[in-house]
Structure formats: structure tokens, C-alpha cells
Amino acid sequence: MTYAFPDGFVWGAATAAHQVEGNNVASDFWVMENTPGTMFQEPSGDACDQLHRYPEDIALLRSLGFGSYRLSIEWARIEPEEGRFSVAALEHYRRVLACCHEKGVLPCVTFHHFTSPCWVAADGGWESQAIVDRFLRYCERATAHLGDLIYMGCTINEANLPVSLALAGVLPRQGLKGLAPFMAEAASRCGTTLDRFGPFLLGDPFKTRDVMLEAHCRARDVIRSGPGDFPVGITLAMQDLVAVPGGEAHLAEARAESFDVFLDAAADDDFVGVQTYSRTRYGPDGPLHPEEGVPVLAMGYEFWPSALEGTLRYAAERSGVPLYVTENGIGTDDDEQRVAYYREALQALIRCLDAGLDVRGYFAWSLLDNFEWIHGYGPKFGLVSVDRTTQQRTPKRSAGLLGDVARSGRFDSESFA
Ligand code: BGC
């Protein structure tokens, strides 16, 4: 099977600041990673040192064949203390974006990808309404400084993730914060108490969702009114949700609470970013364990690359706006398994395009093996491996295959193997 993607289809790879830059010391996640007894496998440390190595990474992405780079800017660097904006940090990101343009790479910029400045998390964080105005002020400053260089903007990454994980049975419904003993110490290291500490992902999933939804809608308007004229949207964590007989009510609840709230609000967005890794099945008693016979990945979920078809179809039907796949990929040590994953995922994407869905681009997660949050450097999502001592980058076979599709705009199922 061969397929020619539409002209102008955007091909890219993605990363997030905290996962690749290194030494994001003013952020809430840095504190949590470094607190004794932490649930993080290891601290992020130097990460991939992208803070210094971004020209090499952008050149590499381009040489592989990709035309776009989805990266995030770090609020904790840009506003390390309340109201004190670091012009040096903003200038750093200006250099990063300028470097993208010099190399012929279109920058897709995410304003918030999980991490926040410590001072924000210490004062209620994403569980408090107070964050909304703070986030808007940060978005306004960042857009004023960088907007003319941005190709696409994503306000918040996966604002639905906490609810989605809670309804998939991965997180407790009341959040992890009160259940993880190290969090009280992390709060105190951030200069606050546990009840005031609100880092993303560990607090109350439903409160976080509602605060983030408001922050997204208002940030979209703030970003649009700054320099530059680029599309703005949100990215969502979307597993393909399926019900076995008796699981329909659980499926409906998960869809409504985790997807529809955002997809309905997206009518005023320029696009929705769909981020898919696997599927979640529901039975009469709620989420089900992986199905027997289906390989289970290091992240605990099933190898299920065709999930992308279900999520794109659902997002298109419910939102009615253009879609981008802003993340899709697999954490595995076996690059042949990654090749098989991308091969099937691209076929799922092609079925959606054939069916007339307005999907405008595809970003692989991730360009580099990087810091996988609580799991540390264990799971390898990169198209490019990174030596943890020398920082040397080495493209994997999957990078070559996907890069060829990106460069040529053509997929051939026989050669992608
Ligand atoms: C996040 C990434 C993460 C990836 C793989 C997504 O939920 O946006 O930061 O590394 O999944 O787990």
C-alpha cells in the first residue's frame, strides 16, 4: 500500500522543556523529584542538556526529514519569581525559535507542559482560581516576546490528563497528593503546606480540569491578541476508549468528563491536538486490565497503535475543528517494536484522511529519549537515543523511516518495515 499525504501536511517531532532541557531548578517538578522518599524514579538532572544543545537537536530533526518541531517554553525559567520576568530566558527562547526558522523548521510552541514555577504551585497551583490571571500574564509576556516567531501555539498540554488517569483507574479520584507521604516535604521545600501545594497531575483531577479549561480559553484570546498570526489550540490526552458489554456507562462517563468538556469548548479554538498512545477498555466494573495476548509496554498499557483512528474520529466528530496529532509514539527499548508501532499508527492516520477527516499534521513523541516524569529515564520514547553520560545523540532506525515519510510526504507499507 502506498499513500501520498496532502500537500502542506505538517510532519514533526515533539519534546517538552522539563523533559529535555535540564536543571529546571525553579519548577515544582524539580522540587518533587529531589525530595527524599519521592515517587519519582530519579531526578531529571541535566536531562538532555537541550538548554545548550538546541542548535544540534533542531539541525538533527531537520536532517532526519521533519519540517516542524513541537517544543515547550518553561514558565519557571521565564517567571522564576512572581512578577519578575527573565528577559534572558525569553531571549533564550527567541534564539531557539530563530534557530528553527534558520534551519527551515516550523516551531509549534506549547506554553505549559506539566511544570509550573514553584511559587505558583506553592500558592494553590492548578487547584486554585488564582492561577488563571497569573497564567494569562505569563502568556501575554511570552507572546509579546516570541509571537512573531511562532508557527502554531498550544496553550496547555493535556489538561485532561489527571481526569483521564483517574477514570482509567491509574490515579485515585481524589488525586495523589494526600496519599503520597513525600508531598508534605515537597510542599515545605516549596515554602508552603500540603493543602496549598498544587502541582499539575498530583492534585484533585476535577478541580485541575476546571481551572485549566478556564485558563486555556482565556489564554487563547490573550495569545491571539499578541504579535504573530498563528493558530492556537489545546492538546488532549486521548486514549481510544472502548467498552466490552456492560461497560458502556463507564465509557460514557470517561468520554464526557475527560474529552467532551474540552472538545466542546474547542469550537472557538483553531485546532485540537490529539495525543494518543494506547486504548483503555471498560467493563461492567470499570476500567479493565490489558487484554490477554496483547503485549503490555513498560508504561503498563497495551501495544495498540491503531488507537489513533478511534481518537481522531472521536475528536473530529465532537469538536468540528481541524486536528493535529501533536503526540503519538511508544516507550520501548526495542526499536523494531517502535517501527511496527509507527507503521500501524500511520495506517490508522491514513484511514482517517481517506475518510475525509481534517487532520493537518503529525508529531511523533518524541525526538529524543528523555525524562519520562515519574518513571525517570527508564522508558525510551525517542526516535533518537541519548547517551546519559556523553549526551551523544544517535538516530534509531525508526527515525530514518519516519523521517523519510516526512521528507517525501509518501508512505509505503512495504518499505516502512
Ligand atoms: C506527555 C509527555 C509524555 C508522554 C509519554 C504525554 O502524556 O505529554 O510529556 O512524555 O505522554 O508518556
Residue pairs meeting the criteria (Cβ under 6 Å; at least 6 apart or on separate chains; first over 14 Å from His145 (Cα atoms) and in contact (Cβ under 8 Å) with a residue 60 or more places away in the chain, in segment 215-230; second of a type in the set (S, T, N, Q) and crowded, with 17+ Cβ neighbours inside 10 Å): His216/Thr155; Ala219/Thr155; Arg220/Thr155
Selection status of Ser116, among the hydroxyl-bearing types (Ser, Thr, Tyr) and closer than 26 Å to Ser278 by Cα: no
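Can you work out which of the residues in segment 327-384 that are of a type in the set (Gly, Ala, Ser) and within 16 Å of the ligand (Cβ to nearest atom) is surrounded by the fewest Cβ atoms within 10 Å (Cβ to Cβ)?
Per the stated criteria, the residue is Gly378.
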Enumeration of residues in segment 4-15 that are in a strand (DSSP E or B) and either touching a Pro at 6+ places or on another chain (Cβ under 8 Å) or buried (at least 17 other Cβ atoms within 10 Å of the Cβ) (or both): Val10, Trp11, Gly12, Ala13, Ala14
Residue selected from segment 143-166 under the condition away from the ligand (no atom under 15 Å from the Cβ) and within 19 Å of the chain's Cα centre (by Cα), by the criterion surrounded by the most Cβ atoms within 10 Å (Cβ to Cβ): Gly153
Residue match in segment 324-331 (condition: in contact with an Asp or Glu (Cβ under 7 Å, 6 or more places away or on another chain), small (Gly, Ala, Ser) and at pLDDT 95 or above): yes
Meets criteria (more than 15 Å from the ligand (Cβ to nearest atom) and without any contact (Cβ under 8 Å) to a residue 40 or more places away in the chain) for Asp412: no
Lone qualifier among Phe5, Phe9, Phe29 - being among the aromatic types (Phe, Trp, Tyr) and touching a helix residue (DSSP H, G or I) at 6+ places or on another chain (Cβ under 7 Å): Phe29
For Gln174: the one exception among (1) touching a helix residue (DSSP H, G or I) at 6+ places or on another chain (Cβ under 7 Å); (2) away from the ligand (no atom under 16 Å from the Cβ): (1)
Selection count, segment 71-119, where residues are closer than 27 Å to Leu161 by Cβ, assigned to a strand (DSSP E or B) and of a type outside the set (Val, Ile, Thr): 8
Of the criteria (1) more than 15 Å from the ligand (Cβ to nearest atom); (2) more than 18 Å from Val120 (Cα to Cα); (3) buried (at least 18 other Cβ atoms within 10 Å of the Cβ), which one Trp30 fails: (2)
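Would you say Gly403 is within 19 Å of Thr15 (Cβ to Cβ), surrounded by fewer than 18 Cβ atoms within 10 Å (Cβ to Cβ) and either of a type outside the set (S, T, N, Q) or within 16 Å of the ligand (Cβ to nearest atom) (or both)?
So Gly403 fails the test.
The values are calculated or read from the model by the stated rules, or taken from the named source; none is laboratory data. Just so you know, these numbers come straight off a predicted model, no measurement behind them. A quick note on method: Cβ atoms are made from the backbone with ideal geometry, for glycine too, and the neighbour counts reach across all protein chains shown.
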